[in-house]
1. Could you list, in sequence order, all residues of region 8-30 that are hydrophobic (A, V, I, L, M, F, W, C) and either at pLDDT below 95 or under 19 Å from the mean Cα position of the chain (by Cα) (or both)?
2. Against the definition (modelled with pLDDT of 75 or more, open to solvent by less than 30 Å² (accessible area, probe 1.4 Å), of a type outside the set (S, T, Y) and under 15 Å from A286 (Cα atoms)), how does L210 come out, yes or no?
3. Got a sec? Which of T87, T67, T34 is open to solvent by less than 30 Å² (accessible area, probe 1.4 Å), at pLDDT below 95 and more than 29 Å from A226 (Cβ to Cβ)?
4. Go through (1) farther than 29 Å from I123 by Cβ; (2) open to solvent by less than 60 Å² (accessible area, probe 1.4 Å) one by one and return the number of the condition G311 breaks.
5. Which one is modelled with the lowest pLDDT, of the residues in region 121-166 that are assigned to a loop (DSSP other than H, G, I, E, B) and closer than 17 Å to H357 by Cα?
6. Just wondering, is there one or more residues in region 98-111 that are acidic (D, E) and either modelled with pLDDT of 95 or more or within 15 Å of F9 (Cα to Cα) (or both)?
7. In the set L218, L236, L267, L251, which member is of a type outside the set (D, E) and under 21 Å from V306 (Cα atoms)?
8. Restricting attention to region 112-139, report how many residues are touching a Pro at 6+ places or on another chain (Cβ under 6 Å) and small (G, A, S).
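The values are calculated or read from the model by the stated rules, or taken from the named source; none is laboratory data. Predicted, not measured: the structure shown is a model, and the values here were computed from it. Glycine gets a Cβ as well: all are built from the backbone with ideal geometry, and neighbour counts include every protein chain shown. Quick note on the areas: whole protein, heavy atoms, side chains included, nothing else; ligands and nucleic acids left out. Shrake-Rupley method; radii C 1.70, N 1.55, O 1.52, S 1.80 Å.
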Amino acid sequence: MTEPSSVVFITDSLVPRGGMENALVALAGDLARTMRVTIIALSGPELTSPELIDVECVHLRVPPGITRLPRSTLPLRRALQRLPQGTVVVAVGVWCTTVLSWVRHWDMTGCIVWEHSLTPQRIHISRRMRLLWLLARPAFRRADTVVCVSDAVRRQCARARHRTPTTVVIPNLLPAGTRPSPASRNTSGTAGPYTLLGLGVLAPVKNWRLAVEAMEHLPRCTLRLAGDGPEHKKLLALVAARRLEDRVQLLGRRSDVAALLEECDVLVHPSHSETFGYALFEAAAAGVPVAVCDRAVMNELVPYYVPGVIGQNEPRDFADAVESALSLARSPTVWEEAAKRRERTFGPHRVRQQWQHVLHGAWSQRVGDQ
């Protein structure tokens, strides 16, 4: 045997499906066409998805709570013991990286860490992320390879690594069902009203306050925020204080993203930090321009891969970016060229080749040490 024939992804949960979960489902389903793929979910309900028809899913059902991390070690150890010898192990995110390192007594030989969320801004803003990063750093140092979804994540992860060549960037596969396509609508030249949409958790790092405050400068627009999280009450209070109840809606968590995009004119994404930008790709595939802040990842995607406008972290300027996005000349050429660039960089063939190379390296390391 010259190539790895089995890989297991360890994740916290498959539900609800955010960006990391979508990336895992897409990659696992793609790799399962040529090798045995298993997903071990530490907690959460089962996920039924046509993308996982060839993937074995093991749900350990560890109960929620503040002690969930140590309580996951024994069930995970038992699940790993049932896998074929020589299976390449991929820990998805800092939480599962920590649990895996405890299970293996800090021996991360032949293991891959797949990191989606770590950036300096997220660590600075989130106390929980700082704690997880502190717990996981030793495992990051010992892992055979750390795969990051963007260069912004790679720069943070490389700070814990002594062998920086093994910290690599592999972009996520584009979500299934969102193949690149030119824009089908054109609002340029109309008087409105316009619908703005925000997608994502209501957390400080997402900076939804800026989007709400910008609405004072966008009288022709309504704003819909689809998501839930710790900032829900604060955002409701801000909407009331600015007397924007008739033009700003907090929709809660929604699963009908495609329908929401179909109904909107601009996707607003004022996040302080981004790691990959799934929402931006979904907007591009739906023919919806975006307005983003000038931050890492966003300013790398917009407008080269995702048609849109970059603004500053200030209400008036961000409102101007929204207005520019509304009046963006969305000719078929603009959208077709951006779609071609996305396909070249994030298409399945390229991403699959990169992952196969990394998996082979980890397998060779494991076989060499046995």
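1. F9, I10, L14, V15, M20, A23, L24, V25, A26, L27, A28 - these are the residues of region 8-30 that are hydrophobic (A, V, I, L, M, F, W, C) and either at pLDDT below 95 or under 19 Å from the mean Cα position of the chain (by Cα) (or both).
2. No; evaluated as a whole, the condition is false for this residue.
3. The conditions single out T87.
4. Among (1) farther than 29 Å from I123 by Cβ; (2) open to solvent by less than 60 Å² (accessible area, probe 1.4 Å), G311 violates only (1).
5. Filtering first and then ranking leaves D144.
6. First pass over region 98-111, keeping only residues acidic (D, E): 107.
Narrowing the set further to residues that are either modelled with pLDDT of 95 or more or within 15 Å of F9 (Cα to Cα) (or both) leaves none.
So far as region 98-111 goes, no, none of its residues is acidic (D, E) and either modelled with pLDDT of 95 or more or within 15 Å of F9 (Cα to Cα) (or both).
7. Working: L218 fails: under 21 Å from V306 (Cα atoms); L236 fails: under 21 Å from V306 (Cα atoms); L251 fails: under 21 Å from V306 (Cα atoms).
L267 is the lone residue from the list that is of a type outside the set (D, E) and under 21 Å from V306 (Cα atoms).
8. Counting residues in region 112-139 that are touching a Pro at 6+ places or on another chain (Cβ under 6 Å) and small (G, A, S) gives 0.
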